Every structure is written in structure tokens, then in C-alpha cells.
Amino acid sequence: MSLSMSSFIHRHFLLGSSKAIELYERYARDLPIVDYHCHLEPEQVSTNACAKDIVDLWLSVDPYKWRAMRINGIEERFITGAASPDEKFRAFANTVPRLVGSPVFHWSALELKRYFGIDLLLNGDTAEDIWKECNEQIRSGGFGTADILNRSNVEIVCTSDNWLSDLRPHESTRKSDSAFTMLPSLRGDAALQVDSLGYADWIQTLGVRVNREINSISLLKESLVNVIDDFDRVGCCLSDHSFESVSFCMIAESDAKAIFEKALAGDGLSCEEACGLKSYLLVFLAKEYAERNWTLQLHLGACRKTSSNLMNRVSIPGGIACVGDSISSVALSQFFDCLEGMEGMPRVIVYPLNVGDFEKIASLSGAFVEEGVWGKVQLGPPWWFNDHYEGIVHQLKVFANYSALGRFVGMATDTRSPLSMARFEYFRRILCNLLGKWIDAGMVPDDEILLENLIGDICYKNAVQIVGSRPVQSEVASTSGTD
């Protein structure tokens with residue numbers, strides 16, 4: 001069956017000049033993908049799990065689409081509720097025409113084109129035909145998670161894994177004949193949530209993971225190192241911590257010991273105590289990451305506590321947060337300065353959600369440096385609410401103005417669907433279009449070697465140097481300890 005019309009996703013999509021087209025087709029289009037930050041499920045990748053239908057593959061894991069549907073007034077049962085898959089698909093199809101100008105509109109058309117060969121614009125009139133065509137192709141095979149990554153020319157993909165995650169899927173994938181490498185990255189938030197109600201229970205669960213009772217901060221640190229070593233053995237070279245706001249207050253070890261014992265007992269911590277213990281543990285972890293040549297990712301400024309009404313109604317969380325307040329460059333500088341003073345500063349990628357923080361973070365790249373190490377601290381790719389056409393352009397311009405564009409580590413999907421790998425094409429087209437404009441305006445020389453190296457570094461080589469240069473060690477060792 002052919003579902004085509006005058007194509008929206010054509011050869012020149014987002015490429016507004018002959019120079020932009022040339023740059024994209026010569027230097028960007030065919031580069032392998034290194035997705036150093038995503039949320040694919042490792043088990044689904046290692047087993048090449050196949051979705052039941054297009055909703056299972058496309059809508060059930062995408063909070064961007066859920067959010068758009070809610071804004072369009074769609075009932076929650078058609079989003080994350082009990083409606084049938086075909087009903088959910090039609091509800092999304094009826095939403096898409098309202099999204100002109102948004103990244104979801106672009107991504108949806110791009111994904112239907114690249115993975116299903118569908119040129120029809122998704123709407124209420126085309127929904128049934130597109131639903132049938134996509135599901136027929138999925139049933140015919142070739143739409144397993146690993147299949148899609150291979151079709152997307154993925155070379156390295158880094159999943160987001162917590163302290164308690166099972167690392168066997170990564171080991172299994174490494175032993176297979178997969179054309180791509182899957183590596184874990186350590187999402188370390190739970191270790192720092194010292195003021196949460198469930199922190200003591202989490203410490204107990206971590207103790208089961210490492211086979212010891214954790215009743216002191218020294219045993220906590222030892223246990224965290226055990227898990228870090230397990231991650232390191234299967235090739236992990238990235239950690240990730242998320243903070244709504246940034247505050248820093250370094251405390252003495254004796255104070256950290258006392259505050260941890262208070263948290264372990266379930267006693268409430270004051271704001272000052274929580275900040276002190278979080279700062280102490282984050283510095284400890286950052287030093288451990290630096291020793292292993294890991295890169296620390298900081299996702300900053302998401303306000304996740306918004307509508308209690310909506311959070312209580314939805315069956316699956318996601319799509320409810322908003323952009324938070326501006327972060328403190330003073331606190332962030334204090335943290336980095338402390339690490340430098342201890343010679344424990346890892347490479348850091350900072351993802352600010354508030355667009356007003358882009359210049360702030362990019363300017364820090366000139367303050368915290370290390371001889372012989374490029375991009376010691378850098379502004380990360382446009383994340384979440386900024387991952388759209390204007391956001392990508394703005395981030396590239398800020399990076400160029402305040403840092404060194406040729407050292408940018410490039411795009412990451414930060415998503416849960418393998419179809420999102422099409423966003424690399426989206427990013428690369430926008431990058432080449434911007435460079436084409438600069439060349440036409442006389443701001444950048446039309447030099448083949450310069451442009452090939454610049455585009456190749458941003459779209460591929462810089463990310464490879466961060467996540468693809470470490471040898472993977474032997475089998476995952478089981479962590480053990482004494483009571």
C-alpha cells in the first residue's frame with residue numbers, strides 16, 4: 001500500500017539554500033548516530049522487543065505527545081488511560097493539525113516518512129489508513145527495538161540506568177553480534193534525595209543490592225563505589241544528576257555523618273542540613289566519576305511539581321512538568337571550584353531547561369578548564385522544552401558566541417522511543433541550514449576542510465571521544481561486602 005502525496009519531508013526539508021543542502025548531503029546525512037543520553041529500556045534493546053502496534057511503539061512512551069493532546073482538550077482516557085489503541089491513535093491524529101510550528105508536528109511527519117515511508121500528513125481524515133499501514137508493517141517484522149536502531153545507523157546508544165538497575169542486558173548486547181554498542185549511564189538522583197520520605201527505605205534496598213547493611217555514611221560511600229565499579233566494568237562513562245535548583249554548601253565529614261544518621265532514622269532534615277548532605281555526596285560522587293574518566297551530566301531547572309489534580313488523575317507520569325526558575329551560577333561555580341580544589345573535576349555537560357541560563361552556562365566554559373582537555377565544562381544540547389527549531393538554533397548561536405562551537409558534543413534524544421532517532425536528522429538539517437546562512441552572509445568561509453571537520457565533530461566525532469573511546473572490561477562482577 002502506498003500512502004503518499006506531495007511530500008512535506010522532502011530532500012530539502014529545513015534546508016533553505018543550496019549551500020545548506022550541500023553541507024547536509026556531503027557532510028552530515030550519512031554520519032553514524034551516537035545517542036549519549038536516552039531512556040530506551042535496555043531489556044527491550046537486548047531482546048529486540050517488538051511493539052504490538054503503532055500506539056505501543058509511538059504514543060505509549062512519548063510525554064511530548066501526551067502534553068500536546070492534553071492542551072488540545074483530549075480526555076485522559078485517550079492519552080494514558082483505558083481507551084483502545086485505535087481510539088488513542090485517532091485522538092492524536094486529530095491533535096496533529098493543531099501543532100503546526102511545534103517540534104511534535106515536525107517529528108511526527110519525519111518519523112512516519114523515515115520508518116514507514118508514509119508521506120500523508122496525519123490528521124482525522126488520514127488516521128485510519130495510516131493506522132492500518134503502520135500496523136501492517138509492524139506485523140511484517142523489522143520493527144524490533146534493535147532493528148530500528150540498526151536501520152537508523154546507530155553506532156552507540158547510552159541508556160539511563162539507576163543504582164538498582166540490572167546491567168545484564170548491557171552485557172548480553174555486548175556479547176551479541178549487534179551492529180551497535182549499548183552502554184549504561186548512571187542516573188544518580190536517588191543517592192542524593194536525602195530529604196525524601198522514602199530515603200531510608202532506598203538505603204535498605206541499596207544494601208540488598210550490595211549485600212551489606214548500610215548504617216553509616218562510610219558504608220554508604222563504599223556501597224555507591226561498588227555500584228559505580230559495576231557500571232564501569234560494562235563500559236559506562238556517563239553519570240547524570242537532575243536538580244530543580246542549584247544550591248551548594250560544603251560541610252565537614254563529621255557533619256555529613258551526623259546528618260546521614262538523622263536521615264537514616266527517618267527524622268526530617270532542615271533545608272540547610274539537606275543542602276549540606278547533598279553537596280557532600282555530590283562532591284564525593286563527582287570525584288569518583290573523575291577518577292574513572294566519566295562525564296557528569298547535570299540536568300537543571302525542571303519544575304516537576306505542577307498540577308496536583310493532573311498528577312492524581314494520570315495513570316502514567318509524564319508531560320506535566322514545566323520550565324523552572326533560573327539557576328544560580330554562583331552555586332554552580334562554587335561546586336566546580338570545590339572539585340577543582342580537590343583535583344576531582346570530571347568533564348561536565350550542563351543542560352539548563354531555562355533558556356535564560358544558556359549564556360550563563362556557556363560562559364562558564366571559559367572559567368573551568370583543564371590543559372589538554374577540550375570542553376571540560378560545556379552547555380549541553382537543547383533539552384526538553386528547548387528541543388525545537390528555534391531552540392536548537394538559539395543554543396548553537398549561544399555556544400558559538402560564548403564557547404567553541406567545534407567542541408560541542410551534539411545532539412541527544414532524551415526519549416523512550418527508538419523512532420526518536422529521526423531527531424538526529426532534524427538536528428543535522430537545522431545545523432547545516434544555519435551554517436549555510438552564515439556562509440551566504442560572509443560570516444563563515446566556504447572552506448571544504450573547515451566545514452567537513454566542523455560538521456563531523458559536532459554531529460559525531462566529539463560524542464565518540466566522550467563515550468566510545470573506553471575499552472569495555474570483562475564480565476560484570478557481583479558486588480559483595482561484609483555486614
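The values are calculated or read from the model by the stated rules, or taken from the named source; none is laboratory data. Please read all numbers here as calculations on a predicted model, not as lab measurements. Here the Cβ is made from the backbone with ideal geometry for all residues, glycine too, and neighbour counts use every protein chain on show.
So that you can scan it fast, the table gives a plain yes or no per residue for (1) touching a residue at least 12 places away in the same chain (Cβ under 8 Å); (2) part of a helix (DSSP H, G or I); (3) within 23 Å of M311 (Cβ to Cβ):
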site	(1), (2), (3)
K65	yes, yes, yes
G73	no, no, yes
G81	yes, no, yes
D86	yes, yes, no
A93	yes, yes, no
P97	yes, yes, no
G101	no, no, no
V104	yes, yes, yes
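Of Y36, Y24, all but one fail to be over 30 Å from H241 (Cβ atoms), crowded, with 21+ Cβ neighbours inside 10 Å, touching a residue at least 12 places away in the same chain (Cβ under 8 Å) and of a type in the set (S, T, Y); the exception is Y24. Of S172, S178, S185, all but one fail to be in the same structural domain as T413 (by TED's automatic domain parsing) and in a helix (DSSP H, G or I); the exception is S172. Taken over segment 302-319, residues that are assigned to a helix (DSSP H, G or I) and charged (D, E, K, R) amount to 1. Of the residues D147, D166, the single one that is farther than 30 Å from V393 by Cα, of a type in the set (D, E) and part of a loop (DSSP other than H, G, I, E, B) is D166.
Based on this model, can you work out whether S254 counts as polar (S, T, N, Q) and either over 22 Å from the mean Cα position of the chain (by Cα) or under 18 Å from W163 (Cα atoms) (or both)? In short, yes. The residues of segment 179-213 that are surrounded by fewer than 18 Cβ atoms within 10 Å (Cβ to Cβ), in contact (Cβ under 8 Å) with a residue 12 or more places away in the chain and among the polar types (S, T, N, Q), listed by number, are T205, N211.
A search for C-beta distances below 7 Å between a residue of segment 113-136 that is closer than 15 Å to L59 by Cα and at pLDDT below 95 and any residue that is outside any helix (DSSP H, G or I) and among the aliphatic types (A, V, I, L, M), counting only pairs 6+ apart in sequence or on different chains, returns nothing. In segment 180-195, the condition of being over 30 Å from M411 (Cβ atoms) and within 26 Å of the chain's Cα centre (by Cα) is met by at least one residue. With the requirement that a residue be buried (at least 20 other Cβ atoms within 10 Å of the Cβ) and among the hydrophobic types (A, V, I, L, M, F, W, C), what does segment 79-98 give you? Once the filter is applied, which keeps residues that are buried (at least 20 other Cβ atoms within 10 Å of the Cβ) and among the hydrophobic types (A, V, I, L, M, F, W, C), segment 79-98 yields I79, F89, A91, F92, A93, V96. Tell me the residue from S216, S245, S279 that is out of contact with any Gly (no Cβ under 8 Å at 6 or more places or on another chain), surrounded by fewer than 21 Cβ atoms within 10 Å (Cβ to Cβ) and either at pLDDT 95 or above or assigned by TED's automatic domain parsing to the domain that holds V157 (or both), please. So the residue among S216, S245, S279 that is out of contact with any Gly (no Cβ under 8 Å at 6 or more places or on another chain), surrounded by fewer than 21 Cβ atoms within 10 Å (Cβ to Cβ) and either at pLDDT 95 or above or assigned by TED's automatic domain parsing to the domain that holds V157 (or both) is S216.
Among the residues of segment 6-21, just one is surrounded by 15 or more Cβ atoms within 10 Å (Cβ to Cβ) and of a type in the set (S, T, Y), namely S17. Just one of the listed residues (G117, G101, G141) is of a type outside the set (F, W, Y), surrounded by fewer than 18 Cβ atoms within 10 Å (Cβ to Cβ) and more than 20 Å from A51 (Cα to Cα), and it is G101.
Per-residue answers, yes or no, for (1) buried (at least 21 other Cβ atoms within 10 Å of the Cβ); (2) over 21 Å from G301 (Cα atoms):
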{"position": "V377", "(1), (2)": "yes, no"}
{"position": "F385", "(1), (2)": "no, no"}
{"position": "I392", "(1), (2)": "yes, no"}
{"position": "Q395", "(1), (2)": "yes, no"}
{"position": "Y402", "(1), (2)": "no, no"}
{"position": "G406", "(1), (2)": "no, yes"}
